[in-house]
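Colleague: Input: one structure, supplied below.
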Amino acid sequence: MFCVRKEPIPPKAEMDRALELRHTKEVQEKLFHARVAVCGLGGLGSHIAVSLARCGVGGLHLIDFDCVDLTNLNRQQYFIHQVGMPKTEALKEILLSVNPYLSIRTDMVRITEENLAELLSEETCICEAFDVPEAKAMLTNYVLEHFPEKYLVGASGMAGYGDSNRIRTRRILPHFYLCGDGDSDAELCGGLMAPRVMLCAAHQANQILEIIIKEGREDM
């Protein structure tokens with residue numbers, strides 16, 4: 001079998017057809033019109049964003065205040081040449097190399113209670129992908145109180161290298177889902193390693209897709 005290398009960037013119509021062949025036209029239309037915010041672009045958020053981009057989710061809002069560090073490369077989606085770059089710009093670079101026709105908004109800011117209303121006003125689906133428990137609680141509580149109509153998919157427990165089957169998705173409230181094993185601690189479980197972090201991120205991305213396709217509106 002001979003492989004024929006195509007032009008570096010195929011036309012949008014060709015990429016759309018390729019996605020429709022895999023997902024059906026009806027599903028791809030919903031994904032293309034979806035708008036998802038990813039809050040935190042570390043081990044969870046970077047993999048969530050790449051999964052959604054590969055599935056053809058049309059609009060991604062990337063939010064993080066940090067820069068790529070060498071210590072991130074053991075579990076995050078970044079590459080050695082991106083060390084020192086803002087995570088928002090590094091991840092945007094990766095996503096556009098997957099699909100150059102995505103609509104990507106970036107905000108290199110630390111999320112606080114003071115800026116949440118403005119940052120998350122446009123997206124209907126929100127991924128909580130923070131490392132710090134206090135930040136997770138702050139975002140979760142704010143969204144549940146002030147944006148009850150939005151869908152929130154969070155994470156708790158993906159440390160170490162233990163049983164993969166303990167990572168699961170639970171529906172906590174009608175619009176709130178939580179992924180992970182619920183209790184593993186990075187300090188007690190040998191730190192954060194790529195396989196379990198990626199498993200949890202995959203659960204989050206998969207739940208977002210299910211919301212968009214089965215539960216959400218076409219204009220999400």
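Colleague: With every protein chain present, what accessible area does THR169 have (1.4 Å probe, heavy atoms only), rounded to the nearest 10 Å²?
Modeller: So the heavy atoms of THR169 present about 50 Å² to solvent.
Colleague: Length gain on complete extension for the stretch TYR101 to GLU122, per 0.36 nm per residue less the alpha carbon to alpha carbon distance?
Modeller: 5.6 nm is the gain from fully extending TYR101 to GLU122.
Colleague: Just to be sure I understand: with springs between alpha-carbon atoms less than 10 Å apart, which residue in VAL153, VAL109, VAL68 has the highest mean-square fluctuation in the Gaussian network model of the chain?
Modeller: Of VAL153, VAL109, VAL68, the Gaussian network model singles out VAL109 as fluctuating most.
Colleague: Now for a separate question. Translational diffusion coefficient of the chain at 10 °C, 1.306 mPa s, Stokes-Einstein with Kirkwood Rh over Cα pairs, in µm²/s as a whole number.
Modeller: 89
Colleague: Right, next: Within the P(r) computed for the stretch 32-126, what percentage of the Cα pairs occupies the region above 24 Å?
Modeller: In whole percent, the long-distance tail amounts to 16.
Colleague: Also: If you stretched the chain out fully between LEU21 and GLU113, how much longer would it get, using 0.36 nm times the residue separation minus the C-alpha to C-alpha distance?
Modeller: Fully extending the segment from LEU21 to GLU113 adds 28.9 nm.
Colleague: Of MET193, MET108, which has the most accessible area and how do the rest follow, probe 1.4 Å?
Modeller: MET108, MET193
Colleague: If you count only protein heavy atoms and use a 1.4 Å probe, how large is the accessible surface of ASP183, to the nearest 10 Å²?
Modeller: 110
Colleague: Say a site is exposed when it is one of the trypsin sites (Lys or Arg not before Pro), sits in a DSSP loop, and has at most 15 other Cβ atoms within 10 Å; what is then the longest site-free stretch of the chain?
Modeller: That gives 111-216 as the longest site-free run.
Colleague: What number results when the radius of gyration of the stretch 99-157, computed over Cα atoms, is divided by 2.2 N^0.38 Å?
Modeller: Compactness ratio reported: 1.17.
Colleague: Set the Förster radius R0 to 22 Å, insert the Cβ-Cβ distance between ASP163 and ASP131 as r into 1/(1 + (r/R0)^6), and round the FRET efficiency to 0.05.
Modeller: Computed FRET efficiency for ASP163 and ASP131: 0.50.
Colleague: Next question, about the same structure. On average, how much accessible surface per residue is there in the stretch 13-63, in Å², for a 1.4 Å probe, leaving out ligands, DNA and RNA?
Modeller: Dividing the accessible area of the stretch 13-63 by its residue count gives 38 Å².
Colleague: Could you tell me the relative contact order of the chain? Use alpha-carbon pairs under 8 Å, at least six residues apart, and round to a whole percent.
Modeller: 23
Colleague: Calculate what fraction, in whole %, of the accessible area of the stretch 1-153 sits on carbon and sulfur atoms when a 1.4 Å probe is rolled over the protein chains. Could the numbers behind the result be given before it?
Modeller: Numbers: 4500 of 8040 Å².
Accessible surface attributable to carbon and sulfur in the stretch 1-153 totals 56 percent.
The values are calculated or read from the model by the stated rules, or taken from the named source; none is laboratory data. Model, not experiment: these values are computed from the prediction. Cβ coordinates were reconstructed from backbone atoms using ideal geometry, including for glycine residues, and neighbour counts include every protein chain displayed. Calculation scope for accessible area: heavy atoms of the full protein, side chains included, ligands and nucleic acids excluded. Shrake-Rupley method; radii C 1.70, N 1.55, O 1.52, S 1.80 Å.
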